[in-house]
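Trainee: Can you keep this structure in mind? I'll have questions shortly.
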Amino acid sequence: MAIKWENQVVLLTGASGGIGFAMAKALDKKGVQLILTGRNEERLHQLNALLNHSHKVVQADITAASGRKKICHVCERLPISILINNAGITQVGEFSEAAIPNIINTNLTAPMLLTQEMMPLLCTMPQAHVVNVGSAFGGIGFAAHGVYCATKFGIKGWTEAMIRENFDTNVNFHYLAPRATNTAINDSRVNAMNKALKNTVDSPEIVADALITLLTNNVSRRELGVAERFFTKLNALFPSLVDKALAKQLGTIKKHTFTHHSSTQHDQIGHHSSVQLNSERKKGSSL
Ligand SMILES: NC(=O)c1ccc[n+]([C@@H]2O[C@H](COP(=O)([O-])OP(=O)(O)OC[C@H]3O[C@@H](n4cnc5c(N)ncnc54)[C@H](OP(=O)(O)O)[C@@H]3O)[C@@H](O)[C@H]2O)c1
């Protein structure tokens, strides 16, 4: 069934962020009614004022039961047909004890709970959609991004289970995985790392276009970037080949992301040979 944009009511989490706002702009252009959520109410109102139509703003922390309840309460009175789980956070390098549960809650637990809480409403619609925003790091484990990768692998697996579990319902689940994108989630260290590694960085509008195409064509999965898709597939089939390719980047990744990284360790011995020495040692120890 072709999507009738003007009939859609969309709940968008992380609407005040780089990708979220680009999605809001693209959906607003299509004539949908939006419920924009995030923790920073003032920013949501500022962004709302930049859109062609005026939309609802709900200030809420999705990691708190009270925040999700507030969102659901507003949505109860609306014919919500699309939920976009886009809010997310990250941290790179060393992970503090507090950061680990916070990243897992925001990126994985909260979207699962919010979806579960929204399902009774979505099920009343003739056709509904849940879009979960993953990442290229949901298919490739990447040094210095371990907890973030764990959440994005998790959301990918959960979405796949939901796609299959809902074949017999009116709710279509989708997985949308951007690659590196130019937003505030990436701090100056990550931007410098991406530059040094010559990683392509998309604009948030590219991700928003991919969202519109995914919903228009009712496609279950969309991973952005030809190289990223290729590496994800290679990683699934031959992970040790990707281990070797990424080992060559380890010195650069650590230099930009770990506060206590000693550059001399890699630079004096020669990064490549030190990684090789370590991996030889690891091979020995795992036998
Ligand atoms: N940018 C990239 O390179 C990239 C690549 C792949 C995937 N992604 C994914 O794309 C999604 C959007 O990220 P972005 O790049 O647009 O990041 P961003 O600009 O930092 O935006 C993150 C959004 O999430 C919201 N948020 C964070 N914690 C929240 C919480 N506890 N409750 C409610 N809202 C919360 C933030 O709003 P408040 O702070 O106001 O709450 C903000 O609107 C994320 O899932 C991210 O993992 C990004």
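Just so you know, all these numbers are worked out from the coordinates, no wet-lab data involved. Everything quoted here is computed from the prediction, not taken from an experiment. Cβ placement follows ideal geometry from the backbone for every residue including glycine, while neighbour counts extend to all protein chains displayed.
Trainee: Viscosity 1.306 mPa s, temperature 10 °C: Stokes-Einstein D of the stretch 1-83 from its Kirkwood Cα radius, in µm² per second?
Mentor: Estimated diffusion coefficient is 125 µm²/s.
Trainee: Determine the alpha carbon to alpha carbon distance for each of LYS198/LYS244; LYS152/LYS248; LYS29/LYS198; LYS29/LYS195; LYS56/LYS233; LYS25/LYS70 and list only those over 28 Å.
Mentor: Going by Cα-Cα distance, LYS29/LYS198; LYS29/LYS195; LYS56/LYS233 fall outside the 28 Å limit.
Trainee: Would you work out the relative contact order for the chain, in percent, from Cα pairs under 8 angstrom that are 6 or more residues apart?
Mentor: Normalised by residue count, the contact order of the chain is 17 percent.
Trainee: Right, another one. Which whole-Hz ³J(HN,Hα) couplings does the stretch 68-77 yield from phi under the Karplus relation 6.51 cos²θ - 1.76 cosθ + 1.60, θ = phi - 60°, glycine and proline marked x?
Mentor: 5, 4, 4, 4, 5, 4, 5, 6, 3, 8
Trainee: In vacuum, with every alpha carbon of the chain counted as one equal point scatterer, what does the Debye formula give for log10 I(q)/I(0) at q = 0.12 Å⁻¹? Two decimals, please.
Mentor: The Cα Debye sum returns log10 ratios of -0.78.
Trainee: Enumerate the amide H contacts of THR181 below 5 Å, restricted to partners 5 or more residues apart or on another chain; note that Pro and chain-start residues carry no placed amide H.
Mentor: When sequence neighbours closer than 5 places are left aside, the close amide H contacts are ASP202.
Trainee: Can you list the residues, at least 5 places off or on another chain, whose amide H is less than 5 Å from the amide H of ILE35, using H built in the peptide plane?
Mentor: Amide H neighbours of ILE35, under 5 Å, 5+ apart: VAL10, LEU11, LEU12.
Trainee: Here's a follow-up. For a quick check: with amide H placed at 1.01 Å from N, whose amide H comes under 5 Å from ALA60's, ignoring anything fewer than 5 positions away on the same chain?
Mentor: GLY38, ARG39
Trainee: Across the stretch 129-144, in residue order, what do the Karplus-derived ³J(HN,Hα) couplings come to in whole Hz, using 6.51 cos²θ - 1.76 cosθ + 1.60 with θ = phi - 60° and x for Gly and Pro?
Mentor: Rounded to whole hertz, the list is 9, 10, 10, 9, 8, x, 5, 4, 7, x, x, 9, x, 10, 3, 6.
Trainee: Which Cα, out of ALA64, ILE35, TYR148, lies furthest along the positive dipole direction of the chain (beta carbon charges, K/R +1, D/E -1)?
Mentor: TYR148
Trainee: Still on this structure, I have one more. Would you calculate a helix-derived [θ] at 222 nm for the chain, using -39,500 (n - 2.57) for each DSSP H run of n ≥ 4 and dividing by the full residue count, to the nearest 500?
Mentor: Only helices count here, giving -15500 deg cm²/dmol.
Trainee: Could you give each residue of the stretch 147-156 its phi-based ³J(HN,Hα) in whole Hz, using Karplus coefficients 6.51, -1.76, 1.60 with θ = phi - 60°, and x for Gly or Pro?
Mentor: 5, 4, 4, 4, 5, 6, 4, x, 5, 5
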